[in-house]
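The values are calculated or read from the model by the stated rules, or taken from the named source; none is laboratory data. Treat the numbers as computed from the prediction; the structure is a model and nothing was measured. Please note: Cβ atoms are built from the backbone with ideal geometry, for glycine as well, and neighbour counts cover all protein chains shown. The accessibility values were calculated without ligands, DNA or RNA, using every heavy atom of the protein model including side chains. Shrake-Rupley method; radii C 1.70, N 1.55, O 1.52, S 1.80 Å.
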Amino acid sequence: MATHSDRFSDKMEFPPEIAQPNVYPLSWENKTAKLQEVWEAALRENWDPEQLPWDTFDVESYTWEEREAIAYWWSLLSVFDASAPPVFAEALIKTYEVHEEDLVRRCFFSVTRDEQNHEIMCGLAITKLLGHPDPVTYEPKTELGKRLQKNVKWLYFNGSRYWTGYKKAVPKYDLAVLFSSFLMGEIAAATIFKQMFDNSREAVFKEGFKNIGRDEGRHMAICMAVMERDYPGLQAETRAIVTKQIRAGYLFLSAVLFEPPMEFWDLPSDFIANQREAEELAREAGFGIPTYEMKLQNWKNAMLNLKGVLDRYNIPFPAIPEVGISGQEVSEVDMADIIPVF
């Protein structure tokens, strides 16, 4: 096997074939015209979380319990949205290594940048609410805050395990599998941010949710365009993997969009009770977290929308009994194979 120190230029006129996967050789081929519109929209709609109307946010008007409850929701979101920049950065690298179209690479770059904004939004909200830059080393002011901090620590622990699995999963899956997981995250995100915009009273949060929701809509368009290009020719083996990933994605994303399945997430027995208490307090304070019933219906609608997409390509949809959707049974989800995204 050739090493980096081996010399070829004095032995042959042209260099050997480049071993793959590799970002070289570069090319700028484009076939999927829809992605040009998405890329132009990404440039046009870029925003800066620090320029939102934070001066209208009077954090002192909230009690410490309210501040800790709202900060808890942003911390929960950060498990998903603040992990998204490295998630999509890994996928961006893969688009170069498999020599995707120029516009696919550009669009994935735009997603990575968008998700960085979403991470910044989480950080700003948490820092302003708690007067401290992270929820783990923050010293809670209330008894509820102490319980919520324990919740956050368990969420971050679970997130760390999924990140380890994601890094192992990305190299072995085709982009077609990644796109199904990404689309699931975007459909779900569009649901929650629209509701948060509608039901939150603070101008800075409403503006943030509006911008994040618009970003997620573009991300959905990217996934749809590439799926329309690739999914008609999927092999049966890949279709089966997509089905499994949808079930895994439901279990993973339920932690933020519904409630975490305790058999999948490694969480203490009082986790959900603590979270429900915080959510009710945040709602009373004017922060628009959907109720349990709204989450259930929204999650079901999101799954049905995703099913409608996959049905076009004859990809079996997994049974989601938690929200009343029948389908193919997926008996076991291996954490090592999950592709967590949001």
(request) Give me the net charge of Lys128's neighbourhood, meaning all other residues with Cβ under 12 Å from the Cβ of Lys128; Lys, Arg count +1, Asp, Glu -1. (result) -4
(request) Report the one residue of Gln235, Thr142, Trp154 whose Cα lies farthest in the direction of the positive end of the charge dipole of segment 127-280 (charges on C-beta: Lys and Arg +1, Asp and Glu -1; origin at the Cα centre). (result) Gln235
(message) Test of understanding: extend the Cα→C-beta vector of Glu139 to 7 Å, then name every residue of segment 146-161 with backbone N under 15 Å from that spot.
(response) 146
(request) For segment 7-43, state which GluC sites (Glu not before Pro) are in a DSSP loop and have at most 14 other beta carbons lying within 10 Å of their beta carbon. (result) Glu13, Glu17, Glu29
(message) How far apart, in nanometres, would the label points at Lys128 and Glu29 be if each is projected 7 angstrom from Cα along the Cα-to-Cβ direction?
(response) 4.7
(request) Decide, for segment 140-261, between rounded, prolate and oblate: order the square roots of the alpha carbon gyration tensor eigenvalues as a ≥ b ≥ c, take rounded if a/c falls under 1.5, and otherwise choose prolate if a/b is larger than b/c, else oblate. (result) oblate
(request) Assuming R0 = 41 Å, can you tell me the calculated FRET efficiency for the pair Glu263 and Asp55, based on Cβ-Cβ distance, to the nearest 0.05? (result) 0.35
(message) For Lys31, give me every one of the lysines with a C-alpha distance below 22 angstrom, ignoring sequence neighbours fewer than eight places off in its own chain.
(response) Lys94
(request) Assign one of three labels to segment 39-157, namely rounded, prolate or oblate, based on the Cα gyration tensor with a ≥ b ≥ c the square roots of its eigenvalues; rounded applies when a/c is under 1.5, prolate when it is not and a/b is larger than b/c, and oblate otherwise. (result) oblate
(message) So, R0 is 25 Å and r is the distance between the beta-carbons of Asn46 and Ala89; what FRET efficiency does that work out to, to 0.05?
(response) 0.90
(request) Please identify every one of the chymotrypsin sites (Phe, Trp or Tyr not before Pro) in segment 10-116 that sits in a loop by DSSP and has no more than 14 other beta carbons within 10 Å of its own beta carbon. (result) Trp28
(request) Compute the relative contact order of the chain as a whole-number percentage, counting only Cα pairs closer than 8 Å that sit 6 or more residues apart in sequence. (result) 23
(request) Give me the net charge of Pro85's neighbourhood, meaning all other residues with Cβ under 11 Å from the Cβ of Pro85; Lys, Arg count +1, Asp, Glu -1. (result) -4
(message) Normalised by the empirical 2.2 N^0.38 Å for globular proteins, what value does the Cα Rg of segment 99-197 take?
(response) 1.37
(message) With unit charges on the beta carbons (Lys and Arg positive, Asp and Glu negative) and the dipole taken about the Cα centre of the chain, which residue among Gly288, Leu175, Phe108 sits farthest to the positive side?
(response) Leu175
(request) Sort segment 248-303 into rounded, prolate or oblate with this rule: let a ≥ b ≥ c be the square roots of the eigenvalues of the Cα gyration tensor; rounded if a/c is under 1.5, and if a/c is not under 1.5, prolate when a/b is larger than b/c, oblate otherwise. (result) oblate
(request) Return the whole-Å distance between the Cα centroid of segment 47-100 and the Cα centroid of segment 212-289. (result) 16
(request) Would you mind getting me the FRET efficiency between Asp311 and Ala236? Use the beta-carbon distance for r and R0 = 25 Å, nearest 0.05. (result) 0.95
(message) Under 5 Å between amide hydrogens, which residues at least 5 positions from Gln328 or on another chain qualify, with H placed 1.01 Å from N in the peptide plane?
(response) Phe317, Ala319
(request) Roll a 1.4 Å probe over the protein chains and send me the accessible area per residue for segment 223-312 in Å². (result) 40
(request) Compute the projected area of the convex hull of the Cα atoms of the chain, averaged over all viewing directions, and report it in nm² to one decimal place. (result) 20.1
(message) Computing the accessible area with a 1.4 Å probe over protein heavy atoms, can you report the carbon and sulfur percentage for the chain?
(response) 54
